[in-house]
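Structure record follows, encoded as structure tokens.
The values are calculated or read from the model by the stated rules, or taken from the named source; none is laboratory data. The structure displayed is predicted, hence computed values, not measured ones. All Cβ positions, even for glycine, are placed from backbone atoms using ideal geometry, and neighbour counts span all protein chains on display. What goes into the accessible areas is simple: the full protein's heavy atoms, side chains included, and nothing from ligands, DNA or RNA. Shrake-Rupley method; radii C 1.70, N 1.55, O 1.52, S 1.80 Å.
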Amino acid sequence: MAVNLTLNPERAREVARELLSAFEKGGIFGKRQLPDDAVNELLPSLEFEEALLLVTFTTALDYMRNASELWSSSIKTFSDEEVKWVFDPKEVKRKGAEALKEALLKHGLAKKKNRDPQIWFSIASSLAERHNGSLRSLFGSYGYDVEFMFKDFLKNRKEEFPSLSGEKLFPHWIRSLRDKFNLPFKNVEKLPIPVDVHVARATFTTGCITGKYSAKGLNETIKRRVVKVWEEGLKGTGIAPIEMFRPLWLLSKYGCHYRKNGERPKRGECPVGHLCVDGKVVVTSGRVEIDTK
């Protein structure tokens, strides 16, 4: 199908300012937490490097699965002395891939029984062999410049850092670390917004992208346009695209998600309800159907 979509960066700028203001005042629909925030209570009791590794390894498996279940399984695994070693790159390298696979399956941390342990083992091995098991060493090798790091991961380090080197998960990973830790990241504003179903849906319902389009799921055509409208809309605002992930995710999860057959039951209490567009907006992992003006 021809792509008949219009990007509206001015609308994206307006949505960003109003959503961020609402978030600061009391959350979006009263909500402030993302699934990865489930680990926040545990972090203060950990060594800094240990906490970074916990968030990093878990984020590497945050694809095509329920994020809340993922973080619950991760916390159970980390809290189990028998298998906690999986978060130590040197121990993973020492014990080997088969022991890792068994440990990751104990609390359901690995859902894809072969792929997930392979991703984990590749990341652990790279950290152990090249960075002494340290994420701060990895970031330091890039001078904490995440734009440079992102480009290098995409081009040169996909085998070493599978999943984390992806166009969605890399900025999602940096966003999560930035929310939780005081790290001296540079050029964060150059990273694209991580695009999942929620971010895409909220981008369409608020009229940041309008038009007519249908597809079998959230494809690259949609993802590229969502990235572009937020990149253009936020230029000169001081707002980094990755900062919009949280409010847009919450907007969709607790508001736009209920939109169906022309009914918008959450519009009255939505902080950007006055910007909600008429027409059809269906965005799921298996179906995208847009018909808005």
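Sorting 206, 6 on solvent-accessible area from highest to lowest, probe radius 1.4 Å, gives 6, 206.
Using heavy atoms of the protein chains and a probe of 1.4 Å, the accessible area assigned to residue 107 is about 60 Å².
Rounded to the nearest 20, the size of the Cβ-charge dipole of the chain about its Cα centre is 980 debye, with Lys and Arg at +1 and Asp and Glu at -1. Within the assembled protein chains, the solvent-accessible surface assigned to residue 218 is about 30 Å², based on a 1.4 Å probe. Remark: accessible surface ordering of 291, 278 (largest first) is 278, 291, probe radius 1.4 Å. At the listed q of 0.20, 0.29, 0.32 Å⁻¹, the Debye profile of segment 243-293, built from one uniform point per Cα, gives log10 I(q)/I(0) equal to -0.73, -1.32, -1.36. Once the convex hull of all Cα atoms in segment 11-75 is built, its volume per residue stands at 135 Å³. If you look at the Cα atoms of segment 135-193, you get an Rg and a Dmax of 10.4, 28 Å. Ligands, DNA and RNA excluded, the heavy atoms of residue 106 present near 90 Å² of accessible surface to a 1.4 Å solvent probe.
Of the cross-linked pairs 216/280; 151/186; 31/253; 168/228; 95/158, which ones have a Cα-Cα span greater than 19 Å in the structure shown? Can you show the working numbers first?
Details: 216/280 16 Å; 151/186 14 Å; 31/253 10 Å; 168/228 14 Å; 95/158 23 Å.
Over 19 Å apart, Cα to Cα: 95/158.
Over all orientations, segment 177-238 has a Cα convex hull whose mean projected area works out to 5.3 square nanometres. Each of 85, 120 has its accessible area taken with a 1.4 Å probe; listed largest first, they run 85, 120. Full extension of the chain segment joining residue 25 with residue 261 gains 81.8 nm, where the gain is 0.36 nm per residue of separation less the Cα-Cα distance.
Scaled against 2.2 N^0.38 Å for its residue count N, the alpha carbon radius of gyration of segment 92-231 is 1.21.
Structural descriptor for the chain: relative contact order 25 percent, calculated from alpha carbon pairs under 8 angstrom and at least 6 residues apart. Across the options 61, 283, 100, the greatest Cα extent toward the positive end of the charge dipole of the chain (unit charges at beta carbon of Lys, Arg, Asp, Glu) belongs to 283.
Each principal axis of the Cα cloud of segment 178-293 was taken in turn, and the coordinate range along them, longest first, works out to 46, 31, 25 Å.
The calculated Kirkwood hydrodynamic radius for segment 1-158 is 18.0 Å, given to one decimal from all distinct C-alpha pairs. From the P(r) of the chain, can you give the percent of Cα pairs sitting at distances over 30 Å? Result: 34 percent of Cα pairs exceed 30 Å. Would you give the gap between the C-alpha center of segment 101-143 and the C-alpha center of segment 164-214, rounded to a whole Å? Centre-to-centre (Cα) distance: 23 Å.
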